[in-house]
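Structure, as structure tokens:
The values are calculated or read from the model by the stated rules, or taken from the named source; none is laboratory data. For clarity, every value in this text was computed on a predicted model and none was experimentally measured. Cβ placement follows ideal geometry from the backbone for every residue including glycine, while neighbour counts extend to all protein chains displayed.
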Amino acid sequence: MIDVEAIVVGGGPAGSTCAWRLNRSGIHTIIIDKKRFPRLKVCAGWITPKTIKNLQMTREEYPHSFLTFNRLNFHFFGARFPVRTRQYSIRRYEFDDWLLKRADVDVQQHAVKHIRKADGCYIIDDTFRCKYIVGAGGTNCPVYRAFFRKTNPRNRKGLIAAIEEEFRYDYQDRDCQMWFFDRKFPGYSWYVPKGNGYLNVGIGGSFSTMKRRGETVRTHWNHFIKKLEDLSLVKGRLFDPRGHNYYLRQAVKTGRRDNALICGDAAGLATIDMGEGIGPAVESGIIAGEAIIKGTTCSFKSVTRYSFFNILFPFLRKAHYESIQDTSYCSWNKGV
Ligand SMILES: Cc1cc2nc3c(=O)[nH]c(=O)nc-3n(C[C@H](O)[C@H](O)[C@H](O)COP(=O)(O)OP(=O)(O)OC[C@H]3O[C@@H](n4cnc5c(N)ncnc54)[C@H](O)[C@@H]3O)c2cc1C
């Protein structure tokens, strides 16, 4: 039996950030993840300045490709609305592995199946024992299933069905593009260039709305890839996309029950308007870690709910506005 003070189930951004915070406070923590890192993660990999700030990252220490966008292009009903802002793209394959290593804790590869409570401790698959357990295992997190399903039920109306593909491509348009409600799609599609010549294209929208209409995300994906071809954004590719479902933020009643906590997609915290989940995963990972350190409740009230506000009105935050005066297109793009 491996016996430690805290176990974080899931080594994505929520879990690694929580473990990083716990470890820095001297709490003996391990991460359990079913996958060996670096691992593929279905995600467009768009991140915000707020996320970088919360992670206390610097350009110098991040060793992988990192693109800076000084503008995002929003498309509504055929019209393009370029928005001056500052946002970034990373590759999850690299980013998650880097965050996990930075947490500097032991990582065990194991698919968690069964969790029980005995003598004030949590026992995982009769192999691991801990005082604190943090569920950061994404949509199907076993900690959520064991301890939070009843207190924080998920409404299927908030379920997002998404598919995407990330691949090497000699892209000519280096801008980030997003198309909303194309052909009545209840969501949006994206074209996100990455460093080192990678491109991510994908589509994500309301599962329940599509189901009600008898549509699938695949139907819309087929229209989307034709559009990419027609716009000469991606030409002649035989796509083989991967899908994943996750929840937009709903009423998260509690992030803590006794010494069990949840964060990130396990808690269902992606932003209501754009499904941005990395930033909320990082924010909630820090909050869960601090709740353990300080012995407090775990509230996600302060976690970002809407992405649009931060994108559209960066000038309301002086420091951010000053930071976008740097007009270099790919100012943080090592290895390209
Ligand atoms: C197509 C798509 C595009 C997206 N694009 C963006 C974007 O551009 N920007 C953005 O901010 N958000 C985006 N998101 C959302 C974002 O990917 C998630 O919100 C984010 O990954 C949540 O992080 P997490 O750490 O909570 O969970 P995850 O990153 O899912 O990590 C969970 C980890 O838990 C592990 N795990 C799961 N079950 C078990 C188990 N039983 N035992 C052990 N380990 C387990 C998994 O292997 C995984 O490593 C996108 C999502 C999708 C589907």
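Data for the structure
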quantity	calculated
Any chance Arg237 is exposed (fewer than 15 other Cβ atoms within 10 Å of the Cβ) and within 9 Å of the ligand (Cβ to nearest atom)	no
The range 95-124 residues that are among the aromatic types (Phe, Trp, Tyr), paired with ones that are within 15 Å of the ligand (Cβ to nearest atom) and at pLDDT below 95 (beta carbon under 6 Å, 6 or more apart)	none
Residue in the range 225-244 that is at positive phi and of a type in the set (Asp, Glu) present	no
Test set (1) within 12 Å of the ligand (Cβ to nearest atom); (2) assigned to a strand (DSSP E or B); (3) surrounded by 20 or more Cβ atoms within 10 Å (Cβ to Cβ) - Gln108 fails condition number	(3)
Residues of the range 253-271 that turn out to be within 13 Å of the ligand (Cβ to nearest atom) and either free of Cβ contacts under 8 Å to residues at least 12 places away in the same chain or of a type outside the set (S, T, N, Q) (or both), as a count	11
When residues of the range 244-262 are limited to those that are in a strand (DSSP E or B) and among the basic types (Lys, Arg), the one nearest to Glu164 (Cα to Cα)	Arg256
Pair list, Cβ under 7 Å, 6 or more apart: the range 160-177 residue more than 10 Å from the ligand (Cβ to nearest atom), other residue aliphatic (A, V, I, L, M)	Phe167/Leu199; Tyr169/Leu199; Tyr169/Val234; Tyr171/Leu199; Asp173/Leu233
Residue list for the range 276-299, restricted to those being part of a loop (DSSP other than H, G, I, E, B), away from the ligand (no atom under 12 Å from the Cβ) and either within 14 Å of the chain's Cα centre (by Cα) or under 16 Å from Asn54 (Cα atoms) (or both)	none
In the range 114-142, residue surrounded by the most Cβ atoms within 10 Å (Cβ to Cβ) [restricted to those that are among the aliphatic types (A, V, I, L, M) and within 15 Å of Leu22 (Cβ to Cβ)]	Val134
Some residue of the range 80-87 being modelled with pLDDT of 95 or more and within 14 Å of the ligand (Cβ to nearest atom)	no
Ala111 being of a type outside the set (Lys, Arg) and over 21 Å from the mean Cα position of the chain (by Cα)	no
Qualifying residue in the range 129-142 (condition: polar (S, T, N, Q), free of Cβ contacts under 8 Å to residues at least 40 places away in the same chain and within 12 Å of the ligand (Cβ to nearest atom))	yes
Tally, over the range 44-56, of residues that are assigned to a loop (DSSP other than H, G, I, E, B) and either on the phi > 0 side of the Ramachandran plot or of a type in the set (Ser, Thr, Tyr) (or both)	3
Members of the range 140-162 that are within 14 Å of Val252 (Cα to Cα), outside any helix (DSSP H, G or I) and within 22 Å of the chain's Cα centre (by Cα)	Arg149, Asn152, Pro153, Arg154, Asn155
Hits in the range 3-29 (condition: touching a strand residue (DSSP E or B) at 6+ places or on another chain (Cβ under 8 Å), more than 9 Å from the ligand (Cβ to nearest atom), assigned to a loop (DSSP other than H, G, I, E, B) and touching a residue at least 60 places away in the same chain (Cβ under 8 Å))	Ile27
Members of the range 68-82 found to be touching a Phe, Trp or Tyr at 6+ places or on another chain (Cβ under 6 Å) and touching a residue at least 12 places away in the same chain (Cβ under 8 Å), listed by number	Thr68, Phe74, His75, Phe76
Selection status of Ile32, assigned to a strand (DSSP E or B) and within 9 Å of the ligand (Cβ to nearest atom)	yes
Where Ile27 falls short, out of the listed (1) touching a His at 6+ places or on another chain (Cβ under 6 Å); (2) among the aliphatic types (A, V, I, L, M); (3) over 17 Å from Gly264 (Cα atoms)	(1)
